[in-house]
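Note sheet for the following structure.
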Amino acid sequence: MIEQRRSNTGILLIIAAMLFASISLSAQQQPERNGPPKPPSAVEVNKMIDELSTTLSLNESQKKEVSDLFTAHFNNMKESMGSREGSGSPEEMQQKRKDFEAQVKSLLNDERKLAFDQFMKSRGPQPNQQMPKR
């Protein structure tokens, strides 16, 4: 009878340990939701450039210049977010976005600058919005 209790207690301990381990593992596999948004893929960047080109009525030369700026900007963002030296802080990302927008605006007249601002507002977080803390 004592042997039966010991074996039952042992089995219950093993089951409890397995349950605890499975709960711990499933909790660790949850994706991080508080991080910054991921930069768009090359396909998404090209789609954004096409939409912007149509919205601003850009000619081919302007579209090429804007495309080069967008591509360089998003490649720079991916590099910053991928590095482990602590770069990619929200403040740094906001400054990079401001610099990028200023470069694009330098190619546009006043009317197109306003349309560009509206376009960018429809595209995610603005430079003056706070990124979530990790």
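The values are calculated or read from the model by the stated rules, or taken from the named source; none is laboratory data. Since the structure is predicted, the reported quantities are computational estimates derived from the model, not experimental observations. Cβ sites come from the backbone with ideal geometry, for glycine too, and all protein chains shown count toward neighbours. Each accessible area value is taken on the protein alone, full model and side chains, heavy atoms only, with ligands, DNA and RNA left out. Shrake-Rupley method; radii C 1.70, N 1.55, O 1.52, S 1.80 Å.
Name the one entry in Ala27, Ala102 that is open to solvent by less than 80 Å² (accessible area, probe 1.4 Å), part of a helix (DSSP H, G or I), hydrophobic (A, V, I, L, M, F, W, C) and at pLDDT 90 or above. Walk me through how you get there before you give the answer.
Working: Ala27 fails: at pLDDT 90 or above.
Checking each option against the conditions leaves just Ala102.
Go through (1) modelled with pLDDT under 85; (2) open to solvent by 40 Å² or more (accessible area, probe 1.4 Å); (3) out of contact with any Phe, Trp or Tyr (no Cβ under 9 Å at 6 or more places or on another chain) for Thr71 and report which single condition fails.
The single condition Thr71 does not satisfy is (1).
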